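Written below as structure tokens is the structure these notes are about.
Laboratory data are not the source of any read-out in this text; all were calculated from the coordinates shown. Since the model is a prediction, treat every value here as computed from it, not as a measurement.
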Amino acid sequence: MKTLIKSLALALSIGFLTSVASFSEAKPIGHPSVVASYKSGIYTSIGGNVNIALDKQTGGVVEIQLKNTEGKVLYNQHVGKKETKSRTRLNVNELPDGVYTVEITNGVETTTHNVTISTPQPQTPTRLVALN
């Protein structure tokens with residue numbers, strides 16, 4: 001009789017746990033529960049700065065990163081849930097010439113912009129001197 005009660009209790013508890021697990025909401029790992037949509041713009045200035053403008057909805061976070069060609073993060077900015085705007089000016093004068101990537105992501109969508117930094121080589125003036 002005791003084994004019958006133990007078996008019945010075990011079967012009921014397994015059935016209860018199975019039903020609770022099937023009703024629970026599955027969230028994908030690594031994805032935020034609230035995603036903020038955003039619009040971004042990137043432009044350069046004469047002074048050697050990269051300007052990043054970001055407008056977003058409240059409720060989700062957005063990350064702004066500047067990476068080099070090896071994928072090393074040189075700059076990272078976290079735009080919080082309650083923020084709706086971000087204006088960032090990056091001084092890239094000290095960075096070596098090359099191609100860099102600005103990545104803006106809300107955890108689901110990622111926008112990438114390539115930034116090429118190059119120093120113009122000085123040109124020697126050519127001059128022709130002639131005698132008559």
Exercise. In terms of modelled amide H atoms, which long-range or inter-chain residues lie less than 5 Å from the amide H of Y75?
Worked result: L66
For this session: Enter the per residue convex hull volume of the stretch 65-127, computed from alpha-carbon coordinates, in Å³ rounded to the nearest integer.
Result: 121
Exercise. Under the Karplus relation 6.51 cos²θ - 1.76 cosθ + 1.60, θ = phi - 60°, what is the ordered set of whole-Hz ³J(HN,Hα) values for the stretch 35-49, x standing for Gly and Pro?
Worked result: 10, 9, 7, 8, 10, 9, x, 9, 8, 10, 10, 5, x, x, 9
Seminar exercise, completed: Spelling it out for V61: with amide H atoms placed in the peptide plane at 1.01 Å from N, the residues 5 or more places away or on another chain with amide H under 5 Å from its amide H are A36
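Pairs of alpha-carbon atoms within less than 8 angstrom and 6+ residues apart define the contacts here; what relative contact order does the stretch 36-104 have, in percent?
Working: 132 pairs, mean separation 24.3, N = 69.
Contact order relative to length: 35 percent.
How much length would be gained if the chain were fully extended between T69 and Q123, taking 0.36 nm per residue of separation minus their Cα-Cα distance, in nm to one decimal?
Length gained between T69 and Q123: 16.6 nm.
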